[in-house]
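See below for the structure under consideration.
Laboratory data are not the source of any read-out in this text; all were calculated from the coordinates shown. Computed from a prediction, not measured in an experiment: that's the story for all the values here. Cβ coordinates were reconstructed from backbone atoms using ideal geometry, including for glycine residues, and neighbour counts include every protein chain displayed.
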């Protein structure tokens, strides 16, 4: 890459898809601002790509406001070239059941929507000016569960991701006025800590006959932030091995 390094802000960076995405952008020289509820992972503390890490609980609306102020105040952060809304939560009941329509407190539903839906909206608003300066891109991480009933993902999670898919379309139209593209990736069964132990029973329903890897998703996210997708906006790419076709 030539000229000044491009800057990406990534939430939920400490594990799984987020962690793989940090590596993908770092490999090609992007400046990465990472965020998670935890500090820098121990194995990354000597990695120069983790020097701009902001610890924040993005499930809390007040923390989101402070986070936006802090990141906008990072020296050299006048332009933002990509925002990746990856942080999310998929809770279960105390009995490890899906958090469905007939069980669980409604406050738990509100907590899910706060992180999975309202936080991406708040961050997009908060960094709109910086993204406009960078003619950047936003990528929302949705889910296959937002498009069909899933045996392991609860109703609160699934509907919050469906709402995020719809938000992506609305944002694509409005942010286009700023020269900012907005897309989404919808992962299927990806080998991360969020994956249910029972997920392997779904492999026969995946045309590619394997679970996905965090790197599979990270590569798609990178494409949507790169010049190669410069005329792509309002799109949701399924990273499911074909599972969404059934």
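Working ranking of peptides 175-182, 10-17, 59-66 by packing, defined as the average number of other Cβ atoms within 10 Å per residue, highest first, is 10-17, 175-182, 59-66. For the chain, the longest principal axis of the C-alpha atoms and the axis of helix 61-72 are separated by about 30°. With neighbours defined as other Cβ atoms within 10 Å of a residue's Cβ, the residues 58, 115, 211 order from fewest to most as 211, 115, 58. Here is how the number arises for the chain: DSSP H runs of 4 or more residues each give -39500 (n - 2.57), the sum is divided by the residue count, and the result at 222 nm is -10000 deg cm²/dmol. For the stretch 102-221, the square roots a ≥ b ≥ c of the C-alpha gyration tensor eigenvalues yield an a/c of 1.5 or more together with a/b not exceeding b/c, which makes the shape oblate. Rounded to the nearest 10 degrees, the inclination of helix 214-225 to the longest alpha-carbon principal axis of the chain is 50 degrees.
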